[in-house]
Structure formats: C-alpha cells, structure tokens
Amino acid sequence: MNQPKRPSFPARLGPPSAQNAVRPVVRPAGNAAPRSAAPMPAPRGVGLDSAAVRSRMVQRLAASGISSTAVLQAMGSVERHLFVDTALVNQAYEDTSLPIGLAQTISKPSVVARMIELLLGAEGARGGLGRVLEIGTGCGYQAAVLGRVAREVYSIERLRGLHEKARNNLRPLRLTNVHLIFGDGMVGYAQGAPYAGIIAAAGGDAVPAAWCDQLAVGGRLVAPMVQSNGQQILLVIDKTPYGFNETVLEAVNFVPLKSGIA
C-alpha cells in the first residue's frame, strides 16, 4: 500500500484576475465622442452575475434546512463556477453534481453544505472546527469551503490528474490553511492527526480503521457507506472517551472508495 506524501502547499500568488475584462472603446471617425462597445452577454453564473446567483443558491440551501450561518456564508463566498469546466458554468450554481474528469464528480451544493454542517455539529466543534481531513479532494471545491470554516484542512486525493487540477483551482484563492496531498485516502494522513473532523467524498463497504484512529476524541467523521443491500447512506461517527457512536442518515450517491494512487 502506498503511503501518502507530505502535503504540497498551494503557491502564494497574486490575487485572481478580474472576471470581467475591461471592454474595448470604439473610437468613431471625426470629432465624435468615443462610445463604448455594446456589452457581450456573460454566461449565467459568471462575472458580475456570480454573486447574485450564489446568493440565490444560498437562499435555496437555507430553505432546504441548512441553518449554520458559517456554512451558508462559506457557500456564498466560494465561486463554484471556477471549479467546473467552462462548458458547465451555466450549471455551476444548480443543485446538481457535475463531471470533473477521470470518472469523478463535484458534489451537489446541498450535499457539501449538509456534510460540512454535520461536521460543525460535533461536540468538539462547537467553538469552531480545528483541523480537518478531507478524503477525496476532487476539483478542490469542498476543500475551499472547508477552508472557510476550519482552522486547517488537509485534503488527500489518489488521482494525480485531479490533485493537479485542485492545485490549479485553489492556487489563486491563496488559502494558506488548505494543504493538498497526493496519496491513498484510505490510509488517511497520520502526520496531521488527530483531526477534529474527517469528511469523505467516496463511499466503501466499511469505514477504514485508519480514519477512526486519526479522529480526535470529541471529533466527528462524516462519510458515505455502502450497506449490505447495495444502497449508500450517509454515516456519522462520533468518537467519545468510551468508544464510537454511529448515526445512519439519508441515502446518498457518491463515487466508490478505492485504495492506492493512480
């Protein structure tokens, strides 16, 4: 089994470039005053429309039952359209999962918000999340949201192509508290343990023992798990001084949990 490498920290670059470039000025012949060219319509969810569309997404999340102010603010601050392919930006703020390559997907906004709110509901997180381990970085969207509600985030991805994509997506955001690791998520990341929260974006037949070992007492693990009937459910595990408490929640649909790197 391959051991995860040490975290590769996003490079500190300048602030991201503006979404709307300055439009060219058309200068007519003669002494007529210059006039601006007609504005080009921007795709829905991009540029100046992004904040408004995100605000509507947050309103829908609140209406669906997400009540954590910290989660709603984080969801409203992260531009989801920056984490999907250009051809899919019009769907970026819809409540749907989208392909990100290598047979993987970016989770629905409602699922991201739900799982992070569950993490924040842990006894050890009542004063705010400390160190969090994310299993399955994907394109980096959930890591960006976690970075706004947790003191420190370690996110591990087994597919090199997605690990690099996440680095490129996150680098302009300059989230110095988010550390990306290329490695086998099933073994976790012992160097950063213990974790106040562990969140997984893939579901297997059982929760790996390494995750439970790396969870701090008072911490919470939120992950999908496949039941004996083949259905995936959302599982919450709380680690207490006396053992583990498990809570089975709603049905979910995540990609399969796999070991190794590729």
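The values are calculated or read from the model by the stated rules, or taken from the named source; none is laboratory data. This is a predicted model, so every value here is computed, not measured. Note that we place each Cβ from the backbone using ideal geometry, even for glycine, and neighbour counts take in every protein chain shown. Heavy atoms of the whole protein, side chains included, go into the accessibility calculation; ligands, DNA and RNA do not. Shrake-Rupley method; radii C 1.70, N 1.55, O 1.52, S 1.80 Å.
Scanning region 108-128 for residues that are surrounded by fewer than 24 Cβ atoms within 10 Å (Cβ to Cβ) and more than 17 Å from residue 76 (Cβ to Cβ) turns up 118, 121, 122, 123, 124, 125, 126, 127, 128.
Kindly list, by first and then second residue, each pair from a residue in region 166-177 that is more than 15 Å from residue 148 (Cα to Cα) to a residue that is surrounded by 15 or more Cβ atoms within 10 Å (Cβ to Cβ) and among the hydroxyl-bearing types (Ser, Thr, Tyr), limited to pairs with Cβ atoms under 8 Å and residues at least 6 apart or on different chains. These pairs meet every condition: 166/137; 166/155; 169/141. The residues of region 76-106 that are out of contact with any helix residue (DSSP H, G or I) (no Cβ under 8 Å at 6 or more places or on another chain), touching a residue at least 60 places away in the same chain (Cβ under 8 Å) and not hydroxyl-bearing (Ser, Thr, Tyr) amount to a single one, 103.
The set of residues in region 153-167 that are open to solvent by 20 Å² or more (accessible area, probe 1.4 Å) and within 14 Å of the chain's Cα centre (by Cα) comprises 154, 165, 167.
With respect to residue 181, is the statement that it is in contact (Cβ under 8 Å) with a residue 60 or more places away in the chain, in a strand (DSSP E or B) and within 15 Å of the chain's Cα centre (by Cα) true? The answer is yes for residue 181.
Residues that are open to solvent by 20 Å² or more (accessible area, probe 1.4 Å) and either in contact (Cβ under 8 Å) with a residue 60 or more places away in the chain or among the basic types (Lys, Arg) (or both): does region 199-207 have at least one? There is at least one residue in region 199-207 that is open to solvent by 20 Å² or more (accessible area, probe 1.4 Å) and either in contact (Cβ under 8 Å) with a residue 60 or more places away in the chain or among the basic types (Lys, Arg) (or both). Looking across region 51-75, the residues that are open to solvent by 80 Å² or more (accessible area, probe 1.4 Å), in a helix (DSSP H, G or I) and touching a residue at least 12 places away in the same chain (Cβ under 8 Å) come down to 56, 60, 64, 73. Check residue 134 against each of (1) open to solvent by 40 Å² or more (accessible area, probe 1.4 Å); (2) of a type in the set (D, E, K, R); (3) not in a helix (DSSP H, G or I) and name the one condition it does not meet. Here residue 134 clears every test but (1).
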